[in-house]
1. Return the only residue of L44, L57 being under 14 Å from the mean Cα position of the chain (by Cα) and not aromatic (F, W, Y).
2. Go through the stretch 13-38 residue by residue and tally those that are part of a loop (DSSP other than H, G, I, E, B), of a type in the set (S, T, N, Q) and at pLDDT 90 or above.
3. So which residues in the stretch 45-63 are surrounded by 10 or more Cβ atoms within 10 Å (Cβ to Cβ) and aliphatic (A, V, I, L, M)?
4. Among what's in the stretch 1-25 and is exposed (fewer than 10 other Cβ atoms within 10 Å of the Cβ) and basic (K, R), pick the residue that is nearest to L57 (Cα to Cα).
5. Is it the case that the stretch 26-41 has a residue that's touching a Leu at 6+ places or on another chain (Cβ under 7 Å) and exposed (fewer than 10 other Cβ atoms within 10 Å of the Cβ)?
Amino acid sequence: MSKIVRYEIDLNNLPPLTDEQKAELKALPEMPDSQIDTSDIPPLDADFGEKAVRNPLPIYRID
């Protein structure tokens with residue numbers, strides 16, 4: 001038996017990032033691609049660009 005967990009998120013009132021999350025996001029551009037684990041991301045197929053849509057979620061700004 002599986003349990004379904006649902007969360008409601010107010011996209012206009014997101015919780016602030018923690019200092020740890022900010023530090024991790026700030027370090028990503030400095031990290032070489034070879035150190036980023038992308039094994040859980042499926043490869044893109046040939047028609048990916050035709051089906052792509054712009055991300056509707058807000059982007060956090062790191063100050």
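1. Numbers: L44 fails: under 14 Å from the mean Cα position of the chain (by Cα).
Step by step, each of L44, L57 is checked, and only L57 is under 14 Å from the mean Cα position of the chain (by Cα) and not aromatic (F, W, Y).
2. Taking the stretch 13-38 and keeping what is part of a loop (DSSP other than H, G, I, E, B), we get 13-18, 31-32, 36-38.
Going one step further and asking which of them are of a type in the set (S, T, N, Q), we end up with 13, 18, 38.
Subset that is at pLDDT 90 or above: 13, 18.
Residues that pass the stated criteria total 2.
3. Of the residues in the stretch 45-63, the ones surrounded by 10 or more Cβ atoms within 10 Å (Cβ to Cβ) are 60, 62.
Of everything in the stretch 45-63, just one residue is surrounded by 10 or more Cβ atoms within 10 Å (Cβ to Cβ) and aliphatic (A, V, I, L, M), namely I62.
4. First, the residues of the stretch 1-25 that are exposed (fewer than 10 other Cβ atoms within 10 Å of the Cβ): 1-13, 15-16, 18-20.
Now drop any that are not basic (K, R), which leaves 3, 6.
Working: K3: 27, R6: 18 Å.
By that ranking, first place goes to R6.
5. Restricting attention to the stretch 26-41, the residues satisfying the condition of being touching a Leu at 6+ places or on another chain (Cβ under 7 Å) are none.
No; the residues of the stretch 26-41 include none that is touching a Leu at 6+ places or on another chain (Cβ under 7 Å) and exposed (fewer than 10 other Cβ atoms within 10 Å of the Cβ).
The values are calculated or read from the model by the stated rules, or taken from the named source; none is laboratory data. Just so it is clear, the structure is predicted and the values come from calculations on it, not from any experiment. In this analysis, Cβ positions are derived from the backbone assuming ideal geometry, glycine residues included, and neighbour counts consider all displayed protein chains.
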